[in-house]
Amino acid sequence: MSYHRVGKNARKWDRKSVLADEIWMMPRKKQDVLRAIICCPAPYASSMSSLGMWTLFRLIHDHPCFSPERVVSNWPRQSLDGQHRPSKGALFAFSINWEMGFPEMVRILRENGIPLKTQDRRDSDPIVVAGGIAVTMNPYPLLPFCDLIVLGDGEEVVGLIMDRLQDCIGQQRERIWSRLDGVPGTLLAASSSGNNLVNRTENLEEYPTGPGALSPRAELGMSFLLEMSRGCDRGCYFCGVSHWKRPARHRSLQTLRASLPSSLSRDVSVGLIGASAGDHPELKKILHWLHSMGCKLCLPSLRPDQIDGEIAVVLAECGLRSVSLGVEAGSDDMRRRIGKHLTNDIIFHASELLTRSGIKNIKVYLLYGLPGESMEDLDRAVQLLTEIRRIQHSIQGDKAGKLTLSANPFVPKNGTPFSEEKLLPVQDWIERRKRLQKAMAQRGIGFGGESPRWARLQAIFSKGGQELADVFVQMAQGVPGMRALKAMGWKV
Ligand code: SF4
């Protein structure tokens, strides 16, 4: 069982045709070097659209002594690139961006017959390393399964880890651990030693961005992803990215130009990635540059206060049919209470600019179950969506595009001002979700978002410690998460 949703068609994919569809941007590496298996851990479609995975791939690819090979959840027992067994790799490196990746990583280790707990591994087993934003926010649940955990950004530390590993792979594990001891911003599981540093790549300009390969089967389709920004300085109280990846850093237009291959075919779009992409000081120049190149665009969610008339027009000119707005709550007051300084008037103005410029569809992201949230707060969210829908109809008439609400339960993250906030019972989440869903259906507004039970697992994994290890082992054996937690005495 995989903990990611795999699309209906993805279940029928066969490896051979999936690989035949890939278009590579990077030279393939010779095989007579040490093999580093890398994994998201997620199905193929999400892995291919994960810049975290590609950053790790590139860093390993650039090291003279290691060659990266991808493993995805669909085919966990054989690498995509060399068709090797992951258990025979020198290194097994996981890049984990959300908490459901924790049990998935354990499942993939189990599928490969690699002893799950670090202390049970033999010298011939791969060195298991994990990193990524979910691990950085809470490394402890995975500590029993990893030789090393990397906190924060990888650019300045992955090379150092490989330098230390290159001449001791295959030696006694204790010797390898002593070589890894003291790498900045890491936790060494064997000795529970580590430092409280979180690695931060100060200058993104020094590192190229982009995927190693494109595939029409990627979640974001044939998109060349460019990381234009990392981190965010806005400091919304619930946001882990903001609190763990501060300060925001940006890649300049010049670096982005250099990262984009000149020979991209017309059917490839460019995806601009970054939590604070809309705060990029050169955003307008970048959008005009992409437009002048005739590039189609795909974008993450934008803050409504980042949208002005010029941006709305150039987004439409770049062929964007849909824009996602991070709104989070239904009223100015509720937004103030969660540190998101944004008013309804700004949201309506942005919706109007986008719709007038020709953007057909709008998606609104909202959190529910926020600290102190009442049912009236949810009703205000419904009013907000109703007004955006009215704006779409008033401008586009009968040809109005879609409005969709993506409503997700609030999950507290370590290190944020809301880290210690109490969660509502799951049943409460379910009722709030139903209330929103029903109201949207009555107004012809689309509805989606994380299921409450799924989000509850994430909430527990994002705050728990090493006591979760046995839950992950159960889940890796196919036991549903809620049942595994209850069996271990957890109140969910
Ligand atoms: S929610 Fe968005 S705007 Fe707020 S801190 Fe996070 S990334 Fe920044």
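Okay, here's what the table says:
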| read-out | value |
| --- | --- |
| Förster radius 30 Å - calculated FRET efficiency between Glu174 and Lys486 (Cβ-Cβ, nearest 0.05) | 0.20 |
| Centroid-to-centroid separation of the stretch 135-153 and the stretch 436-492 [C-alpha atoms, Å] | 21 Å |
| Beta bridge orientation in the stretch 222-450: antiparallel %, DSSP, nearest 5 | 5 percent |
| Mean Cβ neighbour count within 10 Å, used as a protection proxy, ranking 221-230, 16-25, 235-244 highest first | 221-230, 235-244, 16-25 |
| Span from the the stretch 362-393 Cα centroid across to the the stretch 182-235 one, whole angstrom | 33 Å |
| Karplus-derived HN-Hα couplings along the stretch 305-317 (A = 6.51, B = -1.76, C = 1.60, θ = phi - 60°), whole Hz, x at Gly and Pro | 6, 8, 9, 10, x, 5, 5, 4, 5, 5, 4, 5, 5 |
| The chain - percent relative contact order, Cα under 8 Å, separation 6 or more | 13 percent |
| Lysines whose Cα lies under 22 Å from that of Lys30, excluding same-chain neighbours fewer than 8 positions away | Lys16, Lys88 |
| Relative contact order (%) - the stretch 244-345, alpha-carbon pairs under 8 angstrom, separation at least six | 22 percent |
| Sequence ranges 474-480, 334-340, ranked by mean other-Cβ count within 10 angstrom, highest first | 334-340, 474-480 |
| The stretch 64-193: radius of gyration and largest Cα-Cα distance (Dmax), Å | 13.5, 35 |
| Spacing of the two label points (7 Å from each Cα toward its C-beta) at Glu420 and Glu450, in nm | 2.2 nm |
| Entries in Lys340/Lys486; Lys340/Lys422; Lys245/Lys402 that, when Cα-Cα distance is taken, lie over 26 Å | Lys340/Lys486; Lys245/Lys402 |
| Mean separation of Cα contacts under 8 Å (6+ apart) over length of the stretch 302-408, as relative contact order % | 33 percent |
| Potential extension, Met293-Met25 segment - 0.36 nm per residue separation minus Cα distance | 94.6 nm |
| Within the stretch 379-420, backbone nitrogen closer than 14 Å to the virtual label 7 Å beyond the Cα of Ser322 toward Cβ | 401-407 |
| Pair-distance profile P(r), taking every C-alpha pair of the chain, with 10 angstrom steps and integer % | 4, 19, 29, 28, 15, 5, 0, 0 |
| Ranked packing of 198-204, 467-473, most packed first, by mean Cβ within 10 Å | 467-473, 198-204 |
| Calculated [θ] (222 nm, deg cm²/dmol) that DSSP helices of n ≥ 4 give over the chain, each run adding -39,500 (n - 2.57) | -10000 deg cm²/dmol |
| Under 5 Å, built H, 5+ apart or other chain: amide partners of Tyr368 | Asn408, Phe410 |
| For Gly271, residues with placed amide H under 5 Å, excluding near neighbours | Phe224, Leu225, Leu226, Cys298 |
| The stretch 341-433: GluC sites (Glu not before Pro) in DSSP coil with no more than 14 other Cβ atoms inside 10 Å | Glu420 |
| The stretch 222-450: Rg to Rh, with Rh as the Kirkwood radius over Cα pairs | 0.98 |
| Euclidean distance between Cα centres, the stretch 25-73 to the stretch 108-130, Å | 19 Å |
| Loop chymotrypsin sites (Phe, Trp or Tyr not before Pro), the stretch 318-411, which have at most 15 other Cβ atoms in a 10 Å radius of their Cβ (DSSP) | none |
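No lab work stands behind these numbers, since they all come straight from the coordinates. These figures come from a predicted structure and were not determined experimentally. Here the Cβ is made from the backbone with ideal geometry for all residues, glycine too, and neighbour counts use every protein chain on show.
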